[in-house]
Amino acid sequence: LPSLPSSSTPPLANTTAFPRYSGVTKFSQLPLSRKTKDGLLQSGYVEMTEIQRASLPHALAGRDILGAAKTGSGKTLAFVIPVLEKLFRERYSAEWGVGAIILCPIRELAEQIFEEIKSVGRHHSISAALIIGGKEVDLEKDRVNNMNILVCTPGRLLQHMDETVNFDCSQLQVLVLDEADRMLDMDFKKTLNDIVSQLPKKRQTLLFSATQTKSIQDLARLSLKDPEYISVHEESV
Ligand code: ADP
Ligand code: MG
């Protein structure tokens, strides 16, 4: 995939930035692994939604993303697919420590994301764990160190970063902040700052929210590097 200098990138999604992918509407037309393509098909996904069309070419090219689109527009796949592809391309092994962290505000949402990873990622030998509390933190300690993808609520992840011996995210490839606006509304700002400040700088970050606010901009400045700004207003599934 070609990558563009940011100075020529307008603030809104611009598919002409990627001429190769400008009329592309189906997942099968993207440069994805066979494993991901099969997982998408078997999960019933064929046509991309607007936010997926606008963001996936950039995310797959390794760019950071600041994406805004309303609830129900398909943001989960807009980050699950790049996470799976990145770890697959890097031939990611659990021995390296955690490869991707996905943060979201509440447990139920983490569970939905986890199910999507299991479904779309069914052919990958990539492991994922939910780190959402509700049980003894000790019970999570093995998983937190032996999984490729952690789907977490912020408080619980920070607890592991502080308390779990050998918790290693020095090889982290991708950080996802999902429903970032809601995480900020729930007063996770300091927790998020504490987490992000402990993560390796050399990583890809994908930030999604339903709205674009001043506090989202602040979080973006802290966590994203030269992001592609993508804002989608219409729904089109
Ligand atoms: P958001 O995070 O933007 O609120 P979700 O990722 O939860 O949206 O997706 C909302 C619903 O749309 C889910 O039921 C999901 O399975 C479905 N969906 C997402 N992408 C597609 C697609 N490309 N084709 C068909 N259904 C989709
Ligand atoms: Mg969502």
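The values are calculated or read from the model by the stated rules, or taken from the named source; none is laboratory data. A quick note: this is a predicted structure, and the numbers were derived from the prediction, not measured. So basically every Cβ, Gly included, is an ideal-geometry build from the backbone, and we count neighbours across all protein chains shown.
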**OP:** For segment 138-153, indicate whether the set of residues that are within 16 Å of ligand 1 (Cβ to nearest atom), surrounded by fewer than 14 Cβ atoms within 10 Å (Cβ to Cβ) and modelled with pLDDT of 95 or more is non-empty.
**Re:** no
Subject >> Residues satisfying the stated conditions in segment 59-84, i.e. closer than 23 Å to LEU41 by Cα, more than 16 Å from ligand 2 (Cβ to nearest atom) and surrounded by 23 or more Cβ atoms within 10 Å (Cβ to Cβ) >> reply: LEU84
Subject >> Scope segment 25-45; condition surrounded by fewer than 20 Cβ atoms within 10 Å (Cβ to Cβ) and closer than 15 Å to PRO57 by Cβ; matching residues >> reply: THR25, LYS26, SER28, GLN29, PRO31
**OP:** Scan segment 114-131 residue by residue and report those that are within 12 Å of ligand 1 (Cβ to nearest atom) and surrounded by fewer than 22 Cβ atoms within 10 Å (Cβ to Cβ).
**Re:** GLU115, GLU116, SER119
Subject >> In segment 50-107, the residues that are away from ligand 1 (no atom under 15 Å from the Cβ), under 16 Å from PRO227 (Cβ atoms) and not in a helix (DSSP H, G or I) >> reply: ALA61, GLY62, ARG63, ASP64
Original post:
Does GLU85 satisfy being at pLDDT 95 or above, farther than 12 Å from VAL176 by Cβ and within 14 Å of the chain's Cα centre (by Cα)?
Top reply: yes
